[in-house]
Amino acid sequence: MRNPIHLSKCLTVYAAATLLLFGCSNSLTSRAPSQAAVASAHPTATAAGLEVLSAGGNAFDAAVAVSATLAVVEPYSSGIGGGGFWLLHRARDAHQVMVDGRETAPLAAHRDMYLDEAGAVRPGLSVDGALAAGIPGEPAALVHIAKKYGELPLAHSLAPAIRAARDGFAVTTHYQRMAKFRLQALRQSADAAAVFLKDGQVPPTDFMIRQSALADTLQQLADKGRDGFYAGAVAEQLISGVKSAGGIWSQKDLSSYKVIEREVLVGEFRNYRITTAPPPSSGGVALLTMLNVLSGFEFESLPEVERVHLTVEAMRRAYRDRAQYLGDSDFVEVPVQLLTSADYAAGLRAGIHPQSATPSDLLPGPQTIPGGQHTTHFSVIDRQGNRVAATLSINYPFGAGFVVPGTGVLLNDEMDDFSAKPGTPNVYGLVGAEANAIAPGKRMLSSMSPTFVESDERLAILGTPGGSRIITMVLHGILAFVEGGDATAIVTTPRYHHQYLPDVIQHETGALSNDTKADLQLKGHQLKEVESGFGNMQAVVWDKTRNVVSAASDPRGEGVAQVK
Ligand code: DON
């Protein structure tokens, strides 16, 4: 049996093969898309991407513009006080890479920093306020992407974000929900309250959120590149602001922050190439494990209950492994090759009972993770065929709820993605193992899974926020596409999720028919309906045969997808 999954160690070979494929591909498929497209979680961010494309920028310039604008207009989702993963494909040489701008633990961090004398986790410490914040990676990543892959000056691509910060954006009901959820934390930070609240309360709809200090900080970044954030006056403000609020950042943390270019993970499923996120994301490994397990079943033709059962059992096993083995591969050995191999999947498949659920308690390993409500994703393609899938985060809605005085920078609370104590759940119920323990300079484990799915005829660029559910949502998106669905099908497909523990299938209202639910229960599955739907997927699809580009934004969110 051929091994469907391989690490792209042989990226060059792969790139050459892809070039050959396209170079020699039959004349029915197109080498470059007829149109460009941007799908993001906010209309202003999508407009920023299109503006930069119209000005002669490529998909990478557009990605910088969209990221920076999302940092302004979706302050509860991502920001320059946070980080993310940008999956890139450069058309001219088929170079693929993941730009890792994930936050790192401060150098003064230590594994027990959120525990009290008795060894118990001190609630809130890794979630609210300055001590919860990792060292931001997004500013460095934007500078890196603009410099290495873009065609326009960084300042050009940051201009729409700076404008949005000065002009302001209107509060929506979604903003209100997020601000209400984080009201206590935002009130604790004078600068956060001044910007994101009105008289200490959730602002009314259409109230304008203007961020002049953030505009100034973005301008520093535009003028000075990396040094506009990680050195000089802004860095001084960041450090003194964090320290006086109980945090532990130092200048060395900022100076030594490094963007890392990671080799992408590449797998295969039903003749589609899956290009996805390597560690410190757990997403790619888990996705490839699930797809490998499913590839051995003819599940597409099965009744819904059988299909859901097998998918859930694949999810359960991949998430068990996530909890056990995944962490920052620069610090711990992550058995990526093994977990994504066909043989390993065959072993997992053999343990799946066709008629009954495997109780998670019977699978060895630690507990793990439910999902959150924020973070953001966008997808871009330009007319050369360059593409970006990027998932960005400050973790919890409004991150740590703390704005560093004078800078407008809202800090992340990504430290909570570490396991503060093996066996004790984090804010999403996450329990991790040794692999994801806190260490100075280490990147906390993520679920963010920006992904490309590609055959000779079709391409999809996709991803979503949603905490631990990100990975299974991307799985549903991949399956919808591989089965012939378009961009709309990718973002609208009903979602269900299993993550090993808690041992329950979470599903959206209406995602499973009553008959299927009843039959799943007969197989021993527990079900839990999640009221408000989850995720906010953004997808771009290129049909190479007809040379048509389409894009779709998740109807569960406020995003806009546009083809141009
Ligand atoms: O990196 C991660 O996996 C999390 N910080 C993502 C958080 C998230 O998606 C929040 N929910 N929508």
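How many residues are among the hydroxyl-bearing types (Ser, Thr, Tyr), away from the ligand (no atom under 16 Å from the Cβ) and crowded, with 24+ Cβ neighbours inside 10 Å when one looks only at region 276-316?
1
I want to confirm something. Restricting to region 291-315 and keeping residues that are outside any helix (DSSP H, G or I) and of a type in the set (A, V, I, L, M, F, W, C), which single residue is farthest from Ile438 (Cα to Cα)?
The qualifying residue farthest from Ile438 (Cα to Cα) is Leu302.
Scan region 316-332 residue by residue and report those that are in a loop (DSSP other than H, G, I, E, B) and touching a residue at least 60 places away in the same chain (Cβ under 8 Å).
Hits for region 316-332 are Leu326, Gly327, Asp328, Asp330, Phe331, Val332.
When the residues of region 449-506 are narrowed to those that are within 13 Å of the ligand (Cβ to nearest atom) and among the β-branched types (Val, Ile, Thr), which ends up farthest from Phe418 (Cα to Cα)?
Checked region 449-506; the qualifying residue farthest from Phe418 (Cα to Cα) is Val474.
For Asp128, state whether it is surrounded by 23 or more Cβ atoms within 10 Å (Cβ to Cβ), farther than 29 Å from Ser379 by Cβ and within 16 Å of the ligand (Cβ to nearest atom).
yes
Which of the residues spanning region 402-433 are at pLDDT 95 or above, touching a Gly at 6+ places or on another chain (Cβ under 8 Å) and open to solvent by 10 Å² or more (accessible area, probe 1.4 Å)?
Across region 402-433, the qualifying residues are Phe402, Pro405, Gly406, Leu410.
Could you check Lys252 against (1) in a loop (DSSP other than H, G, I, E, B); (2) of a type outside the set (Asp, Glu); (3) surrounded by fewer than 23 Cβ atoms within 10 Å (Cβ to Cβ); (4) outside the structural domain of Val474 (by TED's automatic domain parsing) and say which number it fails?
(1)
Within region 539-546, can one find any residue that is touching a Pro at 6+ places or on another chain (Cβ under 9 Å), open to solvent by 10 Å² or more (accessible area, probe 1.4 Å) and hydroxyl-bearing (Ser, Thr, Tyr)?
No, there is no match, as no residue in region 539-546 is touching a Pro at 6+ places or on another chain (Cβ under 9 Å), open to solvent by 10 Å² or more (accessible area, probe 1.4 Å) and hydroxyl-bearing (Ser, Thr, Tyr).
Only one of these is within 16 Å of the ligand (Cβ to nearest atom), at pLDDT 95 or above and touching a Ser or Thr at 6+ places or on another chain (Cβ under 9 Å): Gly399, Gly371. Name it.
Working: Gly371 fails: at pLDDT 95 or above.
After applying the criteria, what remains is Gly399.
For region 8-64, give me each residue that is touching a Lys or Arg at 6+ places or on another chain (Cβ under 6 Å), at pLDDT below 95 and under 23 Å from Thr276 (Cβ atoms).
Answer for region 8-64, where residues must be touching a Lys or Arg at 6+ places or on another chain (Cβ under 6 Å), at pLDDT below 95 and under 23 Å from Thr276 (Cβ atoms): Phe22, Thr29.
With respect to Asp61, determine if the residue is surrounded by fewer than 24 Cβ atoms within 10 Å (Cβ to Cβ) and more than 16 Å from the ligand (Cβ to nearest atom). Outline the logic, then answer.
On the way: surrounded by fewer than 24 Cβ atoms within 10 Å (Cβ to Cβ): no; more than 16 Å from the ligand (Cβ to nearest atom): yes.
It is false that Asp61 is surrounded by fewer than 24 Cβ atoms within 10 Å (Cβ to Cβ) and more than 16 Å from the ligand (Cβ to nearest atom).
With respect to Arg270, is the statement that it is open to solvent by 10 Å² or more (accessible area, probe 1.4 Å), touching a helix residue (DSSP H, G or I) at 6+ places or on another chain (Cβ under 8 Å), in contact (Cβ under 8 Å) with a residue 60 or more places away in the chain and outside the structural domain of His156 (by TED's automatic domain parsing) true?
yes
The values are calculated or read from the model by the stated rules, or taken from the named source; none is laboratory data. Since we're looking at a predicted model, the values are computed, not measured. Glycine gets a Cβ as well: all are built from the backbone with ideal geometry, and neighbour counts include every protein chain shown. Only protein heavy atoms, including side chains, enter the accessible area calculation; ligands, DNA and RNA are left aside. Shrake-Rupley method; radii C 1.70, N 1.55, O 1.52, S 1.80 Å.
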